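Okay, structure first, notes after.
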Amino acid sequence: MASNGTDTARYDRQLRLWGEEGQALLEASHIVLLRTSAVGTETLKNLVLPGIGQFTVIDDQLVDDASFNDFFIPDGSNGKPRAEVTVKLLNELNDRVTGHALVKNPIDIVHNHIDTLSQYSVIIANGLPEETVLRLSSFAWEKNIPLVVVKTNGLIGSLRVVVPEHTVIESKPDNPMDDLRLSVPFPELSEYAANIDLSNMDSTQHSHVPYIVILLQHLNKWKTAHDGALPSTYAEKNAFKDQVIKGAHKPGEENFLEAHKGAYKAYTRYEIKSDVRAILEDPKTSNPTDKFWVLAAALSQFVKKEGKGCLPLMGSLPDMHSSTESYIALQKIYQAKAATDISSISHHVDHILQTRQLSLSISTDDIKKFSKNAAFLRVIRYRSIQDEYNPHTSNSSLIGAELASDADSNIQWYIALRSVDLFQSTHGRLPGHRHADVEEDTANLISLHRKTLEGLGLKDVAADDRYPREMVRYGGSELHAVAALVGGVTSQEIIKLIVHQFAPMNNTWIFNGNKGTTNVYAIVFEQRGTRGSTEIEGASQRVGVSFAQE
Amino acid sequence: MATQVEDGKWHHLGKLLGRPGPFATEDFSANLEEHKKNLVETWKVLVIGAGGLGCELLKNLAYSGFRNIEPKAVTAATFINKRFPGVNVVPYFGRIEDKGEEYYRQFKIIIAGLDSIPARRWINSTLVNMLVYDDEGNIDPDSVIPFIDGGTEGFKGQSRVIYPGFTSCFECSLEAFPPQVNYPICTLANTPRLPEHCIEWAHILEWPKVWKETKFDADNTDHMKWMFETASKRAEEFNIKGVTYRLTQGVVKNIIPAIASTNAIIAASEVTEALKIVTNAADVLNNYMMYIGGEGIYTHTFEYEKKENCLVCGTSQSVYSVSGDIKLEEFIEMLGGDVNYQLKKPSIRCNNKNVFMQAPKALLEATTPNLSKKLNELFQSGDTLDITDPLLSSAAITLSEVNGVSQVFERLTSHRIQSHSQGKT
């Protein structure tokens, strides 16, 4: 169904990442860019190449001398409409993609004809004044269209993503934990492991017993000797490992080495991760209206009832030293249990659809996919740009804390970019744009920079003038390599938003080309519950780098 | 020859390069004309790699002020020359391994976007071996050619700056690129469990048995069809599910997932660093940026430290313990499997005598009997093994001690590298 005629040979290397289903979503998308520039065309390039459906560039600027930092503006096009020139060359990249040029003023479109933007899947805004971005943001929020605001200035870049709610079923983490249930074995698994008699085996058979069976048997033995408790202290865990390895017939028996190495899988308690627990407890599960939340509601009921506190079994088995027969037998046990769980969830789904009289089409494949990915579900609720610009809802404590811990944090560049926006609103141009104004602009930007800090509720933070000075040096220039880097990241975030796989960042990303560093900041609090509430849940804040552990 | 593109470019670069700023380096001169002159007339950049990364590198360099660029990618070169009249992109031909030191010396900077680990190791070791030392053992700064390396896989990538002799080199981080793990033959032959096992069985064991001399060609659809069908039959026989045509292709061609956006990000990071290196306009990446884009946007920028006992740029000796009882062929196999060495076809000389030579044929034949000799029959305490490998320009391992049956090998010291490069220059 989803694969209708995609070019599997052309897209082979990316289909291995997001599959034909993701590709179908890409091919159905129509992305609009409001005001073009090198960062805009570099973003579109990386979306046209993997094959989005359509794109539209809205811009009434004409090509001038300064436009030639853009790869999609060929020599000799001075004076021509930028939108038309770039769309023509972008179209040449992929004959499966259709590009449209709309030679109109994007600011006028936003303020006077905004409804024409409701047809797009994602809106990219670049170089628009603050008030236009705010108007666009509230429109996109209302229409539930992802908005991506991208900026570059000299060696600095930023990206802001806004969408009220983004749900992901397949977040595809890099190193997912195996779902083996050794500490909470289901009856069929326990029974299978208990019925295997290692004492009556020849050495070949003995060395081909899957380590899962070995661990289950030893865990049972341990529990019998310890009043049903799992090994919990460091000493107990070591004792358990010793017990396991002593079961080997000879040193170096590979399945026993695997059991010894994987012993933690037996004594690590089963638990549902906090972000998935939050989804199960989300108010939306009591009143689901769309596919994702109906499935989440069904999942929540399953966990309470049939699952006895566990998520549905993933049903996949990692490779292990084993005979083919034992491995396949074990695999079948896991797969059968997964199928049973899926069918339980299916009943919950039917029941919810019936009682709530929802006419949503949810297929068996949908349920299967949701169940298999239950441990990796993601819900990201962004905050609006309105909230970001409101001192009462902006995350000033994060900014303050960040600066207190590192005076040279990249959050400095966020503040500097905000002060540049303020300059642009006040002066109608970018600071440092003309060489002759550098001195005057520097003085003005330094004072606006202080004003920005005050606006963020950071009166007590000493302003570091090097940041506004450096922004004046950049003078609103768009360096091609920086545009290419920021455009690369922007396109990647847009792909994740469209295919609903992997996890987009939340919510502001800063690139610092001075040091080659980047950070993600939750510039606006991510709050649970109703919007505008002043209550802040510590657990839901994502402060600083998107994930700090390595 | 001023073109619109050529003139237009400096509007943006002119600000960064023509104005002083608090984040510029101490050595920066805010003089656009000076930078322009160097970029246009003097500095030459070599781009290695003609794939997705290589093409992005070329475009970014041309639009970042670099004028004299020598890439591998011919089509991309033609394209850039057409899009950007006035840029001087002249492709080179042949393998990088076939070019000598004189060729590499002409470049201000070398920038790579290669999938191939061996090619990156080779250029890295070549650049380290080109360093010139003075009498006190200090590196002559003029002999240092900065090397910027990048790589991607799916949503992940890395970009780094290598100053040969000063920062960690590619070889220092070899363990970050472990050799591909092959499935054990006995699993393929006797106890397949995964669809991949069935595919590799068809690929490694069945194809040569059935097709004898005919070499398998992954781009031949008939060959690929046979592979898929043979693997499918094997899977069915063992009750294994999941052999698909795409998986078959992925396994036999070892396809690495790739997307345009990650290539764009890494290539752009590399060129941003190149521009800063040549102009001093801002600090340079110190020295490794890791990018992970699947889960949020995560980057980790850190100083990858020099490995003191690095086979290529190390300055101290390291101890490699090995029993003197093992045969030379086992020792060679160990060098191949060790994540820190990963030597594939080493030739070994000791005390100016050939111990084992991979080529020419006559030497190979003459030295092959040594393979079955034990190490303590071949070497003495204090011996230095000179090792050459197609992957590295040269390396050496010092055999420092014989202690009963166990021998301790120590690796090349910096003095050793010095004598190598001094000998050549």
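For the protein assembly as shown, a crude dipole built from +1 on the beta carbon of Lys and Arg and -1 on the beta carbon of Asp and Glu, taken about the Cα centre, is about 1260 debye to the nearest 20.
FRET efficiency for B:Glu26 and B:Asn352, Cβ-Cβ distance as r, R0 = 56 Å, nearest 0.05? Intermediate results must be reported in sequence, preceding the final value.
Details: r = 49 Å, r/R0 = 0.87.
The computed FRET efficiency comes out at 0.70.
Shape analysis of chain B yields a ratio of the Cα radius of gyration to the Kirkwood radius, Rg/Rh, of 1.02.
What helices does chain A have that are whole DSSP H segments, at least 27 Å long along their own axis by Cα, and with mean Kyte-Doolittle hydropathy of -1.0 or more?
Values: long enough: A:324-355 (46 Å, -0.15); A:480-499 (28 Å, 1.34).
Helices passing the filter in chain A: A:324-355, A:480-499.
The lysines within cross-link reach of B:Lys212, meaning a Cα-to-Cα straight distance under 22 Å and a gap of 8 or more places when in the same chain, are B:Lys225, B:Lys233, B:Lys253. Over the Cα atoms of region A:131-205, the radius of gyration divided by the Kirkwood radius equals 1.44; this is the Rg/Rh ratio.
Segment B:Lys345..B:Thr221, full-extension length gain: 41.4 nm, with 0.36 nm per residue of separation and the alpha-carbon distance subtracted. Of the residues in region B:18-53, those shielded by at least 50 Å² of accessible area once partner protein chains are present, compared with the chain alone at a 1.4 Å probe, are B:Arg19, B:Pro22, B:Phe23. One way to sum up the overall shape of region A:388-470 is the equivalent ellipsoid from its Cα gyration tensor, whose semi-axes run 23, 14, 9 Å, largest first.
Simple spin-label estimate for A:Thr233 and A:Glu191 gives 3.8 nm between the two label positions (7 Å along the Cα-to-Cβ direction from each Cα).
Checking a compactness column here: for the protein assembly as shown, what do you get for Rg(Cα) / (2.2 N^0.38 Å), N being the number of residues? Working shown, then result.
Values: Rg = 30.8 Å, N = 975, 2.2 N^0.38 = 30.1 Å.
It is 1.02.
Burial here means at least 40 square angstrom less accessible surface with every protein chain in place than with the chain by itself, probed at 1.4 Å; in region A:404-439 the buried residues are A:His435. Both numbers refer to the Cα atoms of chain A; Rg and Dmax are 28.0, 91 Å. The calculated Kirkwood hydrodynamic radius for region A:187-267 is 12.8 Å, given to one decimal from all distinct C-alpha pairs.
Positive end of the dipole of region B:185-253 (Cβ unit charges, origin at the Cα centre): among B:His223, B:Cys186, B:His203, the Cα lying farthest that way belongs to B:Cys186. To the nearest 100 Å², how much accessible surface do chains B and A hide from each other in total, with a 1.4 Å probe? Counting both chains, the buried surface is close to 6700 Å².
Comparing A:Pro187, A:Ala235, A:His260 along the charge dipole axis of region A:187-267, the residue lying farthest to the positive side is A:Ala235, per the Cβ-charge model. If the segment from A:Ala339 to A:Ser359 were pulled out straight at 0.36 nm per residue, it would be longer than the present Cα-Cα gap by 4.7 nm. Across region A:200-228, the residues whose backbone nitrogen lies under 18 Å from the label position 7 Å along the beta-carbon direction of B:Cys186 are A:201-211.
Dipole of chain A, Cα-centred, from +1 at each Lys and Arg C-beta and -1 at each Asp and Glu C-beta, to the nearest 20 debye? It would help to have the intermediate numbers written out before the result.
Numbers: 55 positive and 68 negative charges, 196 e Å.
With only Lys, Arg, Asp and Glu charged at Cβ, the dipole is about 940 debye.
When both region A:139-197 and region B:145-197 are represented by their alpha-carbon centers, they are found 26 Å apart.
Pop the C-beta distance of A:Asp290 and A:Asp65 into the FRET formula with R0 = 45 Å and round what comes out to the nearest 0.05.
On the way: r = 50 Å, r/R0 = 1.10.
Between A:Asp290 and A:Asp65 the formula returns 0.35.
A Förster radius of 25 Å, combined with the Cβ-Cβ distance separating A:Lys459 from A:His427, puts the computed FRET efficiency at roughly 0.55.
Sorted from longest to shortest, the spans of the Cα atoms of region A:274-376 along the three principal axes equal 50, 28, 19 Å. Per residue, the protein assembly as shown exposes an accessible area of 42 Å² to a 1.4 Å probe, with every protein chain left in place. Surface composition of region B:185-253: carbon and sulfur make up 54 percent of the accessible area, probe 1.4 Å. For the residues of B:270-282, the average number of beta carbons from a partner chain within 10 Å of their own beta carbon is 4. One chain, two ends: B:Asp142 and B:Asp338. Fully extended at 0.36 nm per residue, the span grows by 67.1 nm beyond their Cα-Cα distance. Averaging the Cα positions of each part gives two centres, and for region B:93-117 and region B:39-63 these lie 12 Å apart.
The values are calculated or read from the model by the stated rules, or taken from the named source; none is laboratory data. Fair warning: this is a prediction, and the values are worked out from it, not measured in the lab. Ideal geometry is used to build each Cβ from the backbone, glycine not excepted, and the neighbour counts take in all protein chains shown. Surface areas here come from the heavy atoms of the whole protein model, side chains and all, with no ligands, DNA or RNA. Shrake-Rupley method; radii C 1.70, N 1.55, O 1.52, S 1.80 Å.
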